[in-house]
Amino acid sequence: MPHNRLAKETSPYLQQHADNPVDWYPWSEEALSKAREEDKPILLSIGYSACHWCHVMAHESFEEPEVARVMNELFVNIKVDREERPDLDRIYQTAHALLSERTGGWPLTVFLTPDQTPFFAGTYFPREPRYGLPGFPELLQRIEELYRTRRADIDQQKVSLRDAMQRIEHRAAMGGSRLDATALDRARGELAKSFDQLHGGFGSAPKFPHPPTLNRLLRHWAATARDGRADEHALHMARFSLERMAEGGLYDHLGGGFARYSVDEQWMIPHFEKMLYDNGPLLALYAEAHAATGNPAPARIAEETAAWVMREMQSPEGGYYSALDADSEGHEGVYYVWTQEEVREVVGDDDYALFAARYGLDRPANFEGRWHLHGATPLETLAADGGLDAETLHARLDRARARLFERREQRVRPGLDDKILTAWNALMIRGMAIAARHLDHPEWTASAERALDFLRTQLWRDGRLLATYKDGRAHLAAYLDDYAFLLDATLELLALRWRAEDIEFAIQLADVMLEHFEDRDRGGFYFTADDHEQLLQRPKPTADESLPSGNGVAAYALTRLGHLLGESRYLGAAERTLQASAGVIEQAPSAHCTLLDALEEQLSPPILLILRGAAAELGPWQNAAQQGYAPQRLTLAIPAMAEGLPAALADKTVPSEGVLAYLCRGTHCEAPIHELAGLRGALD
C-alpha cells in the first residue's frame, strides 16, 4: 500500500485521493527530487474537489489497483489542487495549449521531465479507449516508452516549449500606444457582436456568467448616461443576460446561488457545482442591476444568494468556504432534480399546476428523465392566465418552494469544499459589501466584516498574506489575486462603514504588491511574488478568465486608493500597469474588461465623497450618497471621533455640529457642502 502523503493536506481535493492505491505526492521538493534521482517522468494530475470529470477519472483509474500499479512503477505521481496552486495550474494549462493546440480544463493530465518541463498533456482520459481517446493504462505505457526511447526529441521539444512560453510572457509584458476611450467603445462593440439576443450571455454553449463582462457593460452604460448619451443597448445586454441567467437552471431556485456554467445556450442545465468565486461577483451585479433599473427581481436574486452564502458557505470562524460539489451519491446533479410525483406530493395538488407551469414540470423531462427547475413561464404570464395578483402569485410559489427546499434538505448533500481561499473570500466580501450598500442589509455587512477579520487574523502573517486555510492551518504564499482582490474588497467595505484598521490594512496590502509583485522595469504585476518558489514560468496575466484579472483589479484598486490618499506611488503603479497592458488590450479589448474598468477611472478619475460629522448624524447623508447606480463614486463616512486617519483624510475638517461633505474628483475638490439638500443637488 502506498505511503499516504495526502491525508494531512489542507486541500479536500487532495484528501479525496489519500486512500488511492496510487503513490501520490503533493507538489513538493520531495517528489521533484525523487524524479531527478530516479530519472523518472512525472505524472502531474491537476483538478479540484467539485469537478465532476475529476471524480470520473478517479473512479475509473486512480482507484483501480492495476492502473495504480502501472502509475507507481513508471512515474512519480503528483496531485495538485488548482484552487490552492493557481500558479501551477496557469503554467501547465498554457503548456497544454501549446502541446495539444486545444483548450484545457480539468482534470488536467500532464507528463513532465524531472526538470518540470511538460512533454505531453491532455485532460480526461478514460480507462478504456472511447470518445476517440486512448485508454489510460495504454497511454501510460506509451508515454513511458516515449520517455525512454525518444529523449533527444523530447529535449529538443523542451527547448521549443520553453521558448514559446517565454514569448508568451514577453508578449503579455509588451506595451502599446497610449490607451484612450476608444478601447472602451471597441470592447462594447465586440460584446455586441457576440451577444446572444435570444437567451442572453455571450457566445454559444457551454455558457459562463462572465461577471467582468457584465460589470463592464453596466459601467459603460452609466458613463454614457453621465455624458447625456446613454447607451441603452449596453444596459440591455447586461440586464437581459442577468435576467435569463436567473430564470434558467443555472440559478438554484430553491436554495439561491449560481452554478459554474450552463451546458446549453438557454442556461437551463448547469454543471451543478457552485463556486464561491462566481457568486461573489454575481451577488454584487444583481444588487447593482437593481440600483440601476429599480427592478425588484434582481434584488430578490441578490437576497436569496446572500442568504445561501451565509447559511451554507460561511464558517463559524467567519471565512467563506470554497465550493459545493457537482455530485452527490456518486451522480452529478442528483441533489437538485425532481420527479413530477415527488413535487406533487410535497407542494400539494392545489399548488402543483401553478408550480409546474412556472418551473417546467409540465414539459418533457430535461435532465436524465427528471426535471431540473427553471423559469419556464414568466411570472406575468402566470398571473394573467390564472387571474392572480402579483402578491398572491408570489405567496403561492414561495410556499411551494419552501416546502421543496425542506424536502431537499433531507437528501444526501453535495460535498462541501471547506478550505478557505483568500482571493475567493475577497470576491465574496466585495460582493456582500456592494449588495449591502445598495439593498440596506446590515447582516450582510456583518458577514463581510467577519470574513475580513478572519483573513486578517488567520492568513496575514508577518506582513504577508497566505493563500489557503483549513482545519486551523494556513499556508502557501499568496498570489497577486489574493492581494489585489482583498485590497479592492477592503475599500468596498470601507464605503459601508469606517474602521481605521481597514484603511491601514489596505495600505499594507498595496505596499506589499508594489514591493514584491510589480515589474518595475516594464510595468504591471506578476502572478507570483519575487520570493516565490521558482517555477517554469512567472506569468503576468492580464485577461479576465474564471476570475477577474489580477492586474486589472490591482490597477483599479490602486487608482482608488491613490486618489483617496493623494499617493502618487499607487497612481503611478496603476498607470504603468495599463501602459504595459496596452498591446494586449488593443488586440482584444473585450477580453480585458477589468483592466478597462481601471482605464475608465484613469481617464475620468473616481468621484470621492468624504463625509465628516457625528456618527449619529452621518446616516441620512450616507444614504443619499448611496442612492442609484454610481460605480465611479467612492463614499467614506468618517465619524468625528475617528482616530488614526491618514493625512489626506485627517485634513477634512470636522464641523462643530452637523455634517460636512467633501466632494472631489482627481486633484480637484469642491467647496465643503453643509446641507443635505446641497449634497443631493451636487450628486445629481
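Just to be sure, is Gly248 open to solvent by less than 30 Å² (accessible area, probe 1.4 Å) and on the phi > 0 side of the Ramachandran plot?
Spelling it out, it is not the case that Gly248 is open to solvent by less than 30 Å² (accessible area, probe 1.4 Å) and on the phi > 0 side of the Ramachandran plot.
Would you point out the residue of region 327-345, among those that are in a loop (DSSP other than H, G, I, E, B) and surrounded by 19 or more Cβ atoms within 10 Å (Cβ to Cβ), that is farthest from the chain's Cα centre (by Cα)?
Restricting to residues being in a loop (DSSP other than H, G, I, E, B) and surrounded by 19 or more Cβ atoms within 10 Å (Cβ to Cβ), the top hit is Val337.
Report yes if Gly255 is assigned to a loop (DSSP other than H, G, I, E, B) and closer than 20 Å to Trp444 by Cα, otherwise no.
When the stated conditions are applied, Gly255 passes them.
Could you tell me whether any residue of region 303-320 is in contact with a His (Cβ under 8 Å, 6 or more places away or on another chain) and over 20 Å from Arg437 (Cα atoms)?
no
Just to be sure, is Thr109 open to solvent by 10 Å² or more (accessible area, probe 1.4 Å), β-branched (Val, Ile, Thr) and farther than 24 Å from Gly523 by Cβ? Lay out the reasoning, then the answer.
Values: open to solvent by 10 Å² or more (accessible area, probe 1.4 Å): no; β-branched (Val, Ile, Thr): yes; farther than 24 Å from Gly523 by Cβ: yes.
So Thr109 does not fit the description; no.
Tell me, which helices (runs of 4 or more DSSP H) lie completely within region 533-602 with 2 or more residues that are open to solvent by less than 20 Å² (accessible area, probe 1.4 Å) and in contact with a strand residue (DSSP E or B) (Cβ under 8 Å, 6 or more places away or on another chain)?
Correct list: 550-565, 568-580.
In region 654-669, what residues are at pLDDT 90 or above and either farther than 15 Å from Leu564 by Cα or surrounded by fewer than 15 Cβ atoms within 10 Å (Cβ to Cβ) (or both)?
Residues satisfying the conditions are Val654, Pro655, Glu657, Gly658, Val659, Leu660.
With the condition kept exactly as written, say whether any residue in region 188-195 is within 18 Å of the chain's Cα centre (by Cα) and modelled with pLDDT of 95 or more. Explain how you work it out, then say what you get.
Initially, region 188-195 is screened for residues within 18 Å of the chain's Cα centre (by Cα), giving none.
So far as region 188-195 goes, no, none of its residues is within 18 Å of the chain's Cα centre (by Cα) and modelled with pLDDT of 95 or more.
Kindly establish whether Gly228 is open to solvent by 30 Å² or more (accessible area, probe 1.4 Å) and either closer than 17 Å to Glu190 by Cα or assigned to a loop (DSSP other than H, G, I, E, B) (or both).
Working: open to solvent by 30 Å² or more (accessible area, probe 1.4 Å): yes; either closer than 17 Å to Glu190 by Cα or assigned to a loop (DSSP other than H, G, I, E, B) (or both): yes.
Yes.
Among the residues of region 478-508, which ones are touching a strand residue (DSSP E or B) at 6+ places or on another chain (Cβ under 7 Å) and open to solvent by 20 Å² or more (accessible area, probe 1.4 Å)?
Correct list: Trp498 only.
Can we say Gly280 is in contact (Cβ under 8 Å) with a residue 40 or more places away in the chain, open to solvent by less than 30 Å² (accessible area, probe 1.4 Å), of a type outside the set (Asp, Glu) and not in a helix (DSSP H, G or I)?
no
Tell me yes or no: at least one residue of region 96-109 is in contact with a Phe, Trp or Tyr (Cβ under 9 Å, 6 or more places away or on another chain), under 30 Å from Ile420 (Cβ atoms) and hydroxyl-bearing (Ser, Thr, Tyr).
Yes, region 96-109 contains at least one residue that is in contact with a Phe, Trp or Tyr (Cβ under 9 Å, 6 or more places away or on another chain), under 30 Å from Ile420 (Cβ atoms) and hydroxyl-bearing (Ser, Thr, Tyr).
Could you please tell me which pairs satisfy a Cβ distance under 8 Å, a separation of 6+ or placement on different chains, a first residue in region 440-453 that is in contact (Cβ under 8 Å) with a residue 60 or more places away in the chain, and a second residue that is of a type in the set (Asp, Glu) and open to solvent by 50 Å² or more (accessible area, probe 1.4 Å)?
Within 8 Å, the pairs are His441/Glu303.
So is Gln508 out of contact with any helix residue (DSSP H, G or I) (no Cβ under 7 Å at 6 or more places or on another chain) and not basic (Lys, Arg) or not?
Taking the combined requirement at face value, the residue satisfies it.
Would region 256-270 turn up any residue that is open to solvent by less than 40 Å² (accessible area, probe 1.4 Å) and among the aliphatic types (A, V, I, L, M)?
yes
Where residues in region 189-214 are open to solvent by less than 20 Å² (accessible area, probe 1.4 Å) and outside any helix (DSSP H, G or I), which of them is farthest from Arg260 (Cα to Cα)?
Phe195
Kindly indicate whether any position in region 477-496 is within 20 Å of the chain's Cα centre (by Cα), among the β-branched types (Val, Ile, Thr) and over 22 Å from Pro26 (Cβ atoms).
Checked against the condition, which is being within 20 Å of the chain's Cα centre (by Cα), among the β-branched types (Val, Ile, Thr) and over 22 Å from Pro26 (Cβ atoms), region 477-496 yields at least one hit.
I'd like to know if region 136-156 contains one or more residues that are of a type outside the set (D, E, K, R), touching a Lys or Arg at 6+ places or on another chain (Cβ under 8 Å), under 28 Å from Ser11 (Cβ atoms) and not in a helix (DSSP H, G or I).
no
Does region 63-79 hold any residues that are farther than 17 Å from Gln16 by Cβ, in contact with a Pro (Cβ under 8 Å, 6 or more places away or on another chain) and assigned to a helix (DSSP H, G or I), and which are they?
Pro65, Glu66, Arg69, Val70, Asn72, Leu74
With respect to Asp521, is the statement that it is free of Cβ contacts under 8 Å to residues at least 60 places away in the same chain and either within 30 Å of Ala436 (Cα to Cα) or open to solvent by 10 Å² or more (accessible area, probe 1.4 Å) (or both) true?
Details: free of Cβ contacts under 8 Å to residues at least 60 places away in the same chain: yes; either within 30 Å of Ala436 (Cα to Cα) or open to solvent by 10 Å² or more (accessible area, probe 1.4 Å) (or both): yes.
When the stated conditions are applied, Asp521 passes them.
Identify all residues within region 63-106 that are open to solvent by less than 10 Å² (accessible area, probe 1.4 Å), under 27 Å from Val159 (Cβ atoms), within 24 Å of the chain's Cα centre (by Cα) and touching a residue at least 40 places away in the same chain (Cβ under 8 Å); write none if there are none.
Selection gives Val80, Asp87, Leu88, Ile91, Tyr92, Ala95.
The values are calculated or read from the model by the stated rules, or taken from the named source; none is laboratory data. These figures come from a predicted structure and were not determined experimentally. We place every Cβ from the backbone using ideal geometry, glycine too, and count neighbours over all the protein chains shown. Keep in mind that these areas ignore ligands, DNA and RNA; they rest on the heavy atoms of the full protein, side chains included. Shrake-Rupley method; radii C 1.70, N 1.55, O 1.52, S 1.80 Å.
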